[in-house]
Amino acid sequence: MTPPSRSKRRVLLLQGLMGPLFRRLGQGLSKAGHSVYKVNFNGGDRLFWRLPNGIDYRGTLEEWPEALAQIIADKQITDVMLFGDCRDHHMIATRVCRELKIPVHVFEEGYIRPDWVTFERDGVNGHSSLPRDPQWYLETAAKLPAVEQHPPVPSTFRRRALEGLAYNFADVFTRWHYKNWNNHRPWHPLVEGMGWLRKLRRGKEREAQGAALLQRLRDSSARYFLFPLQLDSDAQIRLHSPFAGIAEATKVVIASFAAHAPKDTRLVIKEHPLDNGVRDWELVSRDLAERYGVADRVDYLPSGDIVPVAQTSLGMVTINSTSGTLGLSMGIPAVVLGTAIYDIAGITCQDGLDAFWQQPTAPDPSIFAAFRRALIERCLIPGGFFSKDGLDSVVGHAIARFGGNTTSHR
């Protein structure tokens, strides 16, 4: 059989987001002349695919390496695309593809926020091949043209929640067909679905609570540090940090704040906008603050734009969230508790959390600018996952970059 042309490739999509991203991507790749196949591991995957060449995988995780290798051989796959390289099936797929010399293209939330998403070869964040040497970024960026500005990308929590609900219910009601499927997320889909429903119902109340806190901070001219929470199910926590979950990380941060932060400072803990509401992080934070004697100095922000609260903070504590780069882009000091691609000398504080409260050092603007420019060239594309315009941008730029047009973002 004649090998496929490298200009017209044969792409295998694995799992995407809980939404239409991979269907849109499949449509775009097909329109560009590539052959596209999609593995569906559960009913949620199948619900959002709804295109030809869907492959139901009903085997076990142990059988997956051999099954994937067979699919690659049968379909003459030249490239694999997936969202998130730390899911169980995706970690195996990355290893199999490495052995078969098949490129893996990984989507993830953008390293730089807002308005960017990650599209990187072979792995992201802790698995990224990007160096941690500031001099490399300075030298690389010096050879690149400036990046053209693109319009802000809209995004709505409601859309994300509804897509999550649809995905989870489709998963639950097709388990009889996908008997060996085991969700990488720690909750049963129905439990997660109920969490989304609760958040949707309390949306206006949570917005009002967040707005009131921001107003109090402004009126009091409070000096505060910001700790943006990440998702408890995020593999970046499980695999690229020393913590088992967000509760443990929150305990470490509050304990350190109580022991080492100046007494006239506050700690604002911000809920992740895509948290599913299964666990009450406000209650967890309040209990820990009381345990360490700082209940009167710890605030919880359940909703609202992170930009204004970050802009007036003394510094940001992050495990490895992309929120860290948002603060750094505004010149806000940051300390990283896990493994993050931006944890580089000259960009983040390198002396640890306890020292950070007393000496939060701002990033070197030239190093961060070089880091940002090199990152965009290597693995970022403009767009977002939770609006039509955002998806249009992601799909168009991903296909252009996949086809070899690396200047599509300029």
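Quick note: the coordinates plus some simple rules give every number you see, no bench work behind them. A quick note: this is a predicted structure, and the numbers were derived from the prediction, not measured. When we count neighbours, we look across all protein chains shown, and the Cβ atoms used for this are built from the backbone with ideal geometry, even at glycine.
Quick notes on this one:
- The Cα center of the range 314-358 and the Cα center of the range 55-96 differ in position by 35 Å.
- Here the gap between residue 133 and residue 305, fully extended at 0.36 nm per residue and compared with their Cα-Cα distance, gives a gain of 58.7 nm.
- For the chain, the longest principal axis of the C-alpha atoms and the axis of helix 388-402 are separated by about 60°.
- Within a Gaussian network of the chain (alpha carbon springs, distance under 10 Å), most fluctuating of 203, 16, 315: 203
- The label point for residue 238 and the one for residue 201, both projected 7 Å from the Cα toward the Cβ, are 2.9 nm apart.
- The residue among 18, 36, 138 whose Cα reaches farthest toward the positive pole of the charge dipole of the chain, with charges on the beta-carbon of Lys, Arg, Asp and Glu, is 36.
- With a simple spin-label model that places each label point 7 Å from the Cα along the Cα-to-Cβ direction, the separation between residue 329 and residue 173 comes to 4.0 nm.
- Rounded to the nearest angstrom and listed largest first, the equivalent-ellipsoid semi-axes of the range 1-105 from its Cα gyration tensor are 19, 18, 12.
- Compared with the dominant Cα axis of the chain, that is its longest principal axis, helix 246-260 is turned about 30°.
- If the chain linking residue 67 and residue 392 were pulled fully straight, counting 0.36 nm for each residue of separation and taking away their Cα-Cα distance, it would gain 113.8 nm.
- For the range 306-399, the equivalent ellipsoid built from the Cα gyration tensor has semi-axes of 27, 15, 11 Å, listed from largest to smallest.
- Looking at the range 1-117, the DSSP beta bridges with both ends there are about 5 percent antiparallel.
- Average Cα contact separation per residue, the range 1-135, under 8 Å, 6 or more apart, as relative contact order %: 21 percent
- Under 17 Å from a label point set 7 Å out along the Cα-to-Cβ vector of residue 143, the amide N atoms of the range 358-377 belong to 370-377.
- The chain has equivalent-ellipsoid semi-axes of 37, 26, 19 Å, by the square roots of 5 times the alpha carbon gyration tensor eigenvalues, sorted largest first.
- Each label point was placed 7 Å from the Cα along the Cα-to-Cβ direction; for residue 355 and residue 53 their separation is 5.3 nm.
- Rounded tilt (10° steps) of 203-220 against the dominant C-alpha axis of the chain: 40 degrees
- Counting DSSP beta bridges with both ends in the chain, the antiparallel % (nearest 5): 20 percent
- Computed lengthening from residue 218 to residue 156, 0.36 nm per intervening residue step minus Cα-Cα distance: 19.7 nm
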